[in-house]
Structures are given as structure tokens and as C-alpha cells.
Amino acid sequence: ARERLLQDLRVTNMELTSRALTDVLTGVPNRRALMQELQRMQDRAARDAGSLQVAFIDLDGFKRINDRYGHEAGDAFLIEVARRLKTVIRAGDFLGRYGGDEFVVLAVSANPDELGKRLEQVTIGYYRCGDHDFEYAGASVGVVTALAQDKTPEMLVARADAAMYAVKRARAGSDGSPRS
């Protein structure tokens with residue numbers, strides 16, 4: 001009975017650990033898991049003299065989607081975006097939901113321009129979210145390569161976020177609003 005109880009506790013602990021590191025809505029790793037993996041990948045890249053790219057993805061116009069079609073459609077959109085992003089990341093890459101309408105991809109030895117284009121392209125297109133259909137013009141994607149001065153995962157994500165905002169500004173319409 002004691003061995004059975006210990007085994008049940010181990011299984012429950014593994015399930016709780018998994019839930020603590022997974023975004024409930026999209027099923028991809030959450031921010032906590034992302035930051036843990038980024039630290040691990042930064043350490044490995046520094047040790048192996050490898051190249052690590054961080055892509056910060058922001059879903060332009062997401063608030064308008066939520067406002068126009070409702071939160072259920074917005075949730076369905078986030079789930080579909082996560083599914084599409086998973087289809088274009090390579091083995092060894094890592095996708096996580098940073099929060100809200102933001103995702104981050106970690107990639108080793110990728111071409112930053114190619115990575116950004118691939119991630120943007122997969123978000124463009126037709127979406128069916130619940131009872132609503134719409135065309136989406138794509139996300140803003142900023143990609144940076146890890147540098148020695150990126151002492152923490154937070155510093156690296158902040159640089160990728162800044163790169164994403166530069167892309168967002170460049171994509172903005174003449175009135176300054178992002179396309180959607």
C-alpha cells in the first residue's frame with residue numbers, strides 16, 4: 001500500500017509540474033517554462049560557442065479581434081496561431097506563450113531573417129474561429145541573436161521585444177496603427 005501511495009504521489013507531482021509549465025489555453029509552454037528553457041539554451045550556446053536566436057511574436061490587431069468577435073473567438077485564434085507556429089519550428093527549437101497575444105520562439109543556429117519571415121508567414125491567412133471567419137495580415141516578429149552582454153534571459157527577451165516593436169512601427173499604417 002505504501003509503494004502504491006508513493007507511486008500515486010509521483011504521478012500527481014509530475015502532472016502538477018507539467019500544468020505549472022504549460023499554458024492552459026494553447027497547450028504550449030508558458031512564460032515560466034520559456035524562461036527556464038531560455039536560460040538553459042543561453043548556457044549551452046555560450047558553452048558550445050553556438051548561436052541562439054530569440055523571436056518575439058506579437059499578434060497585431062488581437063484586441064480588435066476580441067472586441068469584434070468576442071473572447072471565445074479570440075481564444076480560438078490564439079489556439080490556432082499556436083498550432084500554426086508549432087508547424088514551422090524545427091526539432092530543437094522551442095515555442096512558448098509569453099502572455100496575452102505574445103509568443104516567443106527560441107532557435108539554435110537559425111538565420112534570423114529567415115526565422116522571422118517563416119514565423120510571420122505562418123500567421124498570415126484565413127482563420128475560422130468559432131462562427132467567425134476572417135483574414136489576418138500577420139504578426140509582428142522581432143528576432144535577435146543572443147550576445148555575451150545578455151546576462152539574463154530577461155535581457156535577451158527585452159531586446160527581442162524591442163526588435164518586434166521596431167518591426168511593428170515599420171508595418172504600421174500611415175495613421176500609426178498596426179495592420180490586422
Give the accessible area for Lys117 in Å² (nearest 10); use a 1.4 Å probe, count only protein heavy atoms, and leave out ligands, DNA and RNA.
130 Å²
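Please quote Rg/Rh for the chain to two decimal places, taking the Kirkwood radius as Rh and restricting both calculations to Cα atoms. It would help to have the intermediate numbers written out before the result.
Details: Rg = 18.1 Å, Rh = 17.4 Å.
The Rg/Rh ratio comes out at 1.04.
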What is the percent carbon and sulfur in the accessible area of the chain, measuring with a 1.4 Å probe over the protein chains and ignoring ligands?
53 percent
For His132, tell me the accessible area in Å² from a 1.4 Å probe, rounded to the nearest 10.
60 Å²
The aspartates and glutamates whose Cα lies under 15 Å from the Cα of Lys86, excluding any fewer than 8 residues away in the same chain, are Asp23, Glu102, Glu120
So what is the relative contact order of the chain, in percent, for Cα pairs below 8 Å that sit 6 or more residues apart?
26 percent
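Based on Cβ point charges of +1 for Lys and Arg and -1 for Asp and Glu, what charge dipole magnitude is obtained for the chain about its Cα centre, in debye rounded to the nearest 20?
On the way: 26 positive and 26 negative charges, 78 e Å.
In total the dipole reaches around 380 debye.
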Would you mind getting the accessible area per residue of the chain, heavy atoms of the protein chains only, 1.4 Å probe, in Å²?
55 Å²
Between Gly70, Gly96, Gly61, which gets the highest mean-square fluctuation from a Gaussian network model of the chain, Cα cutoff 10 Å?
Gly70
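Provide the gained length on full extension for the span Leu21 to Arg2, in nm with one decimal, where the gain is 0.36 nm per separating residue minus the Cα-Cα distance. Please list the in-between numbers first.
Values: separation 19, 0.36 × 19 = 6.84 nm, distance 2.88 nm.
Stretched out fully, the Leu21 to Arg2 stretch lengthens by 4.0 nm.
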Per 0.36 nm of contour for each residue apart, how much would the distance between Arg84 and Asp67 grow if the chain were fully extended, relative to their Cα-Cα spacing?
3.9 nm
Starting from the Cα of Lys63, draw a straight line to each of the lysines and keep only those under 16 Å, dropping any in the same chain fewer than 8 residues away.
Lys168
For the chain, what is the mean residue ellipticity at 222 nm derived from helices alone (per DSSP H run of n ≥ 4: -39500 (n - 2.57); sum divided by total residues; nearest 500 deg cm²/dmol)?
-17000 deg cm²/dmol
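Would you mind working out the magnitude of the charge dipole of segment 77-180 relative to its Cα centre, with +1 at each Lys and Arg C-beta and -1 at each Asp and Glu C-beta, to the nearest 20 Debye? Please report the intermediate quantities before stating the final value.
On the way: 14 positive and 14 negative charges, 40 e Å.
Approximately 200 debye in magnitude.
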In whole angstrom, how far apart do the alpha carbon centroids of segment 158-172 and segment 39-96 sit?
15 Å
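What is segment 9-98 by shape, rounded, prolate or oblate, if you read a ≥ b ≥ c off the alpha carbon gyration tensor as root eigenvalues and call it rounded for a/c under 1.5, prolate for a/b larger than b/c, and oblate otherwise?
Numbers: a/c = 2.65, a/b = 1.36, b/c = 1.95.
Note, shape of segment 9-98 comes out oblate.
Could you work out the Rg to Rh ratio of segment 74-116, with Rh taken as the Kirkwood radius (inverse of the mean 1/r over all Cα pairs)?
Working: Rg = 11.0 Å, Rh = 11.1 Å.
Radius of gyration over Kirkwood radius for segment 74-116 works out to 0.99.
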On a full-extension model of 0.36 nm per residue, what is the gain between Leu9 and Ala46, subtracting their alpha-carbon distance, rounded to one decimal in nm?
9.6 nm
Quote the accessible area belonging to Asp131 in square angstrom, nearest 10, computed with a 1.4 Å probe and with ligands, DNA and RNA left uncounted.
140 Å²
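The values are calculated or read from the model by the stated rules, or taken from the named source; none is laboratory data. This one's a predicted model, so the numbers in the text were calculated from it and none came from an experiment. Neighbour counts run over all protein chains shown; Cβ positions are idealised from the backbone, glycine included. These accessible areas exclude ligands, DNA and RNA; they are computed on the full protein's heavy atoms, side chains included. Shrake-Rupley method; radii C 1.70, N 1.55, O 1.52, S 1.80 Å.
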